[in-house]
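Okay, structure first, notes after.
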Ligand code: GLA
């Protein structure tokens, strides 16, 4: 709900559990009053009104009329040139060199629902789902207008923010920095949590206490990148997974971005998020407008899990394409780690046959199906089938897969080209890079210039033909390099610094067209694994390949960290071979499943040469997953014990009716004489009685030994208050039917069902 009080000029954006309050000051600036746990709607808030009554010594005051000082005022917009010395939200330059602007309140409008942004990935809300507020600010001298946009999703405790600048002046403007939002908190006693990483080590939790100064978490790679996900969280030091205050911020954007957290000498904290300002300059001619990406803000008093669940609900119900909302995703088999580039028609058929026998529902043919693609040095760009490898072409494989009753999926990497292809020879000017300089390669490939509409049209046609002919049910959309040599032969010289953002706009244009043409195709975004796992891509593609690292133990951390923002339904998670190709670790097949089950399950290993035991195990896993699929993909997810801090990791999914939950327990290394374990359970119904049983699994794939049979009946409050006490682990001597043999990297799933 969005409420405005005329007399006090106070705006109150209220969600189910949160309040965001700000007001227009006499000067016309907008001051932030409060963001946090919900408080009642009132006309005025004396307690929130606290301001500096006189300007601190040595400060620049706003005008001769009073002691009002922007530098010590929490603001909804930080502007440059009038005495606010914090990082500005917006930095502009006029033709005559002026950089001082003063945007003041003019009017506002509140309406039901929210429209999609025309060129950017964004959220759309029906009139029932939410409300929007647009505040018009104006710089009187230049006539330039700025719209601060807010939308609210009540049920998910989400506020969406962005800004739009309209050049109503008479001369051109240069935008040098334009963030999506500004939030000034009066306090700074927070921990900052971000998700940092690298290839095959994505989204690890990075937590430290804020200190005075400015921290920037960003990407200059042209993609959102695995370095710093466009997300950050501020939490009190006492906040845990399940308790305490946590603020979450994330950007709906897939390109270079910038988040900054600045603690001022006065102890205020300024948070901003937006398009990367380095190497960015946008020319805005009179009459033109510029819209920033949307940012998502959320708050929870129920710890990091509360914050994550708000994001999860927003993504599942309001962000991903409508057709896929809460729609169950198939279990897939992907041939990449099974064959790499080395396959032919018969090998693929054999993999499909095995996949079918195991109960798998979708077969995905990965990289290597097109001409000259026997390694990663050639072939990208022409998209012509290699008939030497696939004698009946893609259509033949697709037909075979469909005949077996499976769905068919295909890998593509449309944004790229290799030198040596017909496309490159015909259009060398289509690659990103300066024509007189040698362009640096990444994975031996070059990026196609999506700022050029001709490239977008070419790709749309090429891809649509392939998708239609092969009757694809699924597409893995890959993107395997970061940007270098930023230059477009298509853009005018004065627009070259618009390139990085224009590329993202071009990408969204292409994706928008394809998703509209193929609404029922399941698109999975990928970028060397999770190098572009962001809310922008999710607005077009409901799931993302979480990481090229399929090692189950590495995935403890990757999936745990990823879940800070992204729900299980968006995380592609595959069971791969016994010895990890990424870290050379051997892990039990059951653990590989127990981890991958908390996501969109797939199998990516040699399904032809499995032992009988492995075959049996996979069949049971597939059956178990199918039975509990909606829980695994859409249940409320809670992290309970962190692999970043413990030898054990615990997490839980629970259906919203609290009838069924699955709890995962994962061990890193086996300890000698281990302590008695205890696993917390959360959010069950206190008065209900539950049956709790361990999923019967093999102890390992070498022996026929089965896991301990653990089955108990307990009331909800008992479990909530005392947790689960599983049987003791192997203690060095004695093994019977009740010994919990976990070993290195062992794991268990516990099924909790209401009776
Ligand atoms: C990337 C992807 C992998 C695989 C290969 C194919 O690395 O992340 O999953 O598709 O490309 O070249």
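Residue by residue, here is whether (1) within 28 Å of residue 320 (Cβ to Cβ); (2) in the same structural domain as residue 220 (by TED's automatic domain parsing); (3) surrounded by 21 or more Cβ atoms within 10 Å (Cβ to Cβ) holds:
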| site | (1), (2), (3) |
| --- | --- |
| 448 | yes, no, yes |
| 462 | yes, no, no |
| 471 | yes, no, no |
| 487 | no, no, no |
| 490 | no, no, no |
| 506 | yes, no, yes |
| 516 | yes, no, no |
Of all the residues that make up segment 416-439, how many are touching a helix residue (DSSP H, G or I) at 6+ places or on another chain (Cβ under 7 Å) and at pLDDT below 95? 0
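Per-residue answers, yes or no, for (1) closer than 14 Å to residue 102 by Cβ; (2) surrounded by fewer than 16 Cβ atoms within 10 Å (Cβ to Cβ):
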residue: 14; (1), (2): no, no
residue: 30; (1), (2): yes, no
residue: 52; (1), (2): no, yes
residue: 68; (1), (2): yes, no
residue: 77; (1), (2): yes, no
Could you tell me whether residue 692 is closer than 22 Å to residue 586 by Cβ and surrounded by 13 or more Cβ atoms within 10 Å (Cβ to Cβ)? no
Is it the case that residue 401 is under 34 Å from the mean Cα position of the chain (by Cα), away from the ligand (no atom under 16 Å from the Cβ) and either in a loop (DSSP other than H, G, I, E, B) or under 21 Å from residue 522 (Cα atoms) (or both)? yes
Residues in segment 414-459 that are within 16 Å of the ligand (Cβ to nearest atom) and either in contact with a strand residue (DSSP E or B) (Cβ under 8 Å, 6 or more places away or on another chain) or assigned to a helix (DSSP H, G or I) (or both): how many? 8
Using beta carbons and a limit of 6 Å, which pairs, at least six apart or on different chains, have the first residue in segment 525-538 and farther than 12 Å from residue 230 by Cβ and the second one outside any loop (DSSP other than H, G, I, E, B) and within 8 Å of the ligand (Cβ to nearest atom)? 526/476; 526/545; 529/545
Identify, please: which residue in segment 193-203 is touching a strand residue (DSSP E or B) at 6+ places or on another chain (Cβ under 6 Å) and surrounded by 18 or more Cβ atoms within 10 Å (Cβ to Cβ) and is, among those, nearest to residue 244 (Cα to Cα)? 193
May I ask you to list the residues in segment 703-755 that are within 33 Å of the chain's Cα centre (by Cα), part of a strand (DSSP E or B) and surrounded by fewer than 19 Cβ atoms within 10 Å (Cβ to Cβ)? 753, 754
Does residue 41 satisfy the criteria of being in the same structural domain as residue 137 (by TED's automatic domain parsing), part of a loop (DSSP other than H, G, I, E, B) and within 28 Å of residue 155 (Cβ to Cβ)? yes
Test each condition in (1) under 30 Å from residue 232 (Cβ atoms); (2) not in a strand (DSSP E or B) for residue 651 and report the one that comes out false. (2)
Mind telling me which of the residues 429, 438 ends up being under 28 Å from residue 119 (Cα atoms) and over 30 Å from the mean Cα position of the chain (by Cα)? 429
Can you find a residue that is under 18 Å from residue 253 (Cα atoms) and out of contact with any strand residue (DSSP E or B) (no Cβ under 8 Å at 6 or more places or on another chain) anywhere in segment 293-302? no
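The values are calculated or read from the model by the stated rules, or taken from the named source; none is laboratory data. All values reported here derive from a predicted model rather than from experimental measurement. As a convention, Cβ positions derive from the backbone with ideal geometry for all residues, glycine included, and neighbour counts pool all protein chains shown.
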